[in-house]
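The structure under discussion appears below in the form of structure tokens.
The values are calculated or read from the model by the stated rules, or taken from the named source; none is laboratory data. Here the structure is a predicted model, which is why all the values come from computation and not from measurement. Here Cβ is always computed from backbone atoms with ideal geometry, including for glycine, and neighbour counts include all displayed protein chains.
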Amino acid sequence: MNKIRRRLLQSSIGLALPASAFQNSAFAQQGLAAPGGYDLVIFGGRVIDPSQNIDKIADIAIKNGRIAVIQTGIDPTKAAQKIDANGKIVTPGLVDLHAHVYPQASAIGLPADELAQFTATTTFVSAGDAGANNFSAFKHYIQAQARSRMYAFIHISSIGLAGFPVGEMKNMEYANVDLAARVLNENADIALGMKVRESLDVVGENGIEPLRKAREAAERSGVKGARVMCHIGNAPGELSKLLDLLRPGDILTHAYSGAGNNTVQNGRLIAAALEAKKRGVIIDVGHGGGSFDFTVAEPAMQQGLMPDTISSDLHAYSGNSPSIPYLPNVMSKFLTLGFNLNQVIAMATNRPAEIINRDPLLGTLKPQASADVAIFNYVEKPVTWLDTRGNTRAGLYSLEPVQTIRAGRPFGRPFPSPFSY
């Protein structure tokens, strides 16, 4: 009788399992592997990692927030938690070199973590949202509290984009070179250099003087490799003079903008643009809500101005625009323009990671890299893509985000317990 009562009591409180099985169950509930196992395994996807020239069906095992191994046939019993990626594309988490992720500080900033389900992006670069006067708030209240990894370019305007839509460089007194240089020097762990917007509606009568100030601040900062990211729209004055100021390693963003004075004029790529590319200026897409034109991109690329990086320029206005520049959509547009899948993934993972140059294991699935992973459906069906000037192109392939994982923790299921990051 006592044995029967003991069995009934054990069953009622869930202790009928052997001790080892209970421990394994508890580990799994907390997203922790049992000894010799993995915290999370992504099974059966087509793994594409251009940094390693990998394109194959494989499983990815994650342990302690880092990539443990990529191989076929990982034992499912070794996984505390599992994601089935059969029939899907698995890549490093996307790296967006140009986004606007400083909410509350400007009219256009968006919360990075809210974008994960739409963008499959695990690393965002804030492209000049903050200037010297408000960069500290970005670092302490935005970057430090986000699950997404974040870097930034500091705007040469001390107010950053806080005054948007009023042009922040119509008043040159905001371009405090010494202050910008000091803030860049003090924050070189996440600050990559200086940002400047060179459009008539931003600079007014100041021409390319803001670019000169941004370059001077980068050089004066003493930060090795400090870059200038230069936005062009309807560029002031002669565009060639602006392009000639860009140094090797500087970034020309919105390189295929159709907003007036741009890199293609009368169907021809201007010589200064090609010369900039040849001397090592980085060509960035920066799609945005008004900065990507198929009729500029096509002749520019045909004549030698190929992109180095694909970025979104995603912000509150562009995200609401008809062209919907979520990074996977922009990548899909370049599939339509003739690039292959490995090329567009490289331009949104390891190539921008190399430009950021803060972590040698960023933008890759190499062992011991932070387990930043993106999972996509690769959809083959007719689709019409829209640029920011109303032009369309017919495509056949789309990358549609399914799940995003940052440092081994999925945005969404499976949830670890306790949840912390």
* Asked: Which ranges mark the strands (runs of 3 or more DSSP E) fully within segment 103-220 that have 1 or more residues being among the hydroxyl-bearing types (Ser, Thr, Tyr) and assigned by TED's automatic domain parsing to the domain that holds Leu243?
  -> 121-131, 149-155
* To do: Report yes if some residue within segment 330-351 is surrounded by fewer than 22 Cβ atoms within 10 Å (Cβ to Cβ), in contact with a Phe, Trp or Tyr (Cβ under 6 Å, 6 or more places away or on another chain) and assigned by TED's automatic domain parsing to the domain that holds Ala127; otherwise report no.
  => yes
* Structure fact -> Being closer than 20 Å to Phe292 by Cα and among the acidic types (Asp, Glu) narrows Asp372, Asp313, Asp359 down to just Asp313
* To do: Might you let me know whether segment 384-399 holds any residue that is touching a strand residue (DSSP E or B) at 6+ places or on another chain (Cβ under 8 Å), outside the structural domain of Arg227 (by TED's automatic domain parsing) and closer than 16 Å to Gln52 by Cβ?
  => no
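Can you go through Ile375, Ile405 and tell me which one is within 14 Å of the chain's Cα centre (by Cα), on the phi < 0 side of the Ramachandran plot and part of a strand (DSSP E or B)?
On the way: Ile375 fails: within 14 Å of the chain's Cα centre (by Cα).
Just a single option satisfies the conditions, and that option is Ile405.
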* To do: Being in contact (Cβ under 8 Å) with a residue 24 or more places away in the chain, out of contact with any Lys or Arg (no Cβ under 8 Å at 6 or more places or on another chain) and closer than 25 Å to Asn53 by Cβ is the filter here, so list the residues in segment 312-342 that pass it.
  => Leu327, Pro328, Val330, Met331, Ser332, Phe334, Leu335, Leu341, Asn342
* Scan segment 109-136 for residues that are over 15 Å from Arg149 (Cα atoms) and free of Cβ contacts under 8 Å to residues at least 60 places away in the same chain and report the count. => 8
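Can you name every residue in segment 387-401 that is part of a strand (DSSP E or B) and either buried (at least 18 other Cβ atoms within 10 Å of the Cβ) or touching a helix residue (DSSP H, G or I) at 6+ places or on another chain (Cβ under 6 Å) (or both)? I'd like the intermediate steps shown before the answer.
Residues of segment 387-401 that are part of a strand (DSSP E or B), as a first pass: 392-401.
If the condition is that a residue be part of a strand (DSSP E or B) and either buried (at least 18 other Cβ atoms within 10 Å of the Cβ) or touching a helix residue (DSSP H, G or I) at 6+ places or on another chain (Cβ under 6 Å) (or both), then Arg393, Gly395, Tyr397, Ser398, Leu399, Pro401 are the ones that fit.
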* Could you give every pair whose Cβ atoms fall below 9 Å, whose first residue belongs to segment 137-148 and is farther than 15 Å from Leu115 by Cα, and whose second residue is aromatic (Phe, Trp, Tyr), counting only separations of at least 6 or pairs across chains? -> Ala137/Tyr102; Phe138/Tyr102
* Asked: If Asn234 passes every condition in (1) buried (at least 21 other Cβ atoms within 10 Å of the Cβ); (2) part of a loop (DSSP other than H, G, I, E, B); (3) not hydrophobic (A, V, I, L, M, F, W, C) but one, which one does it miss?
  -> (1)
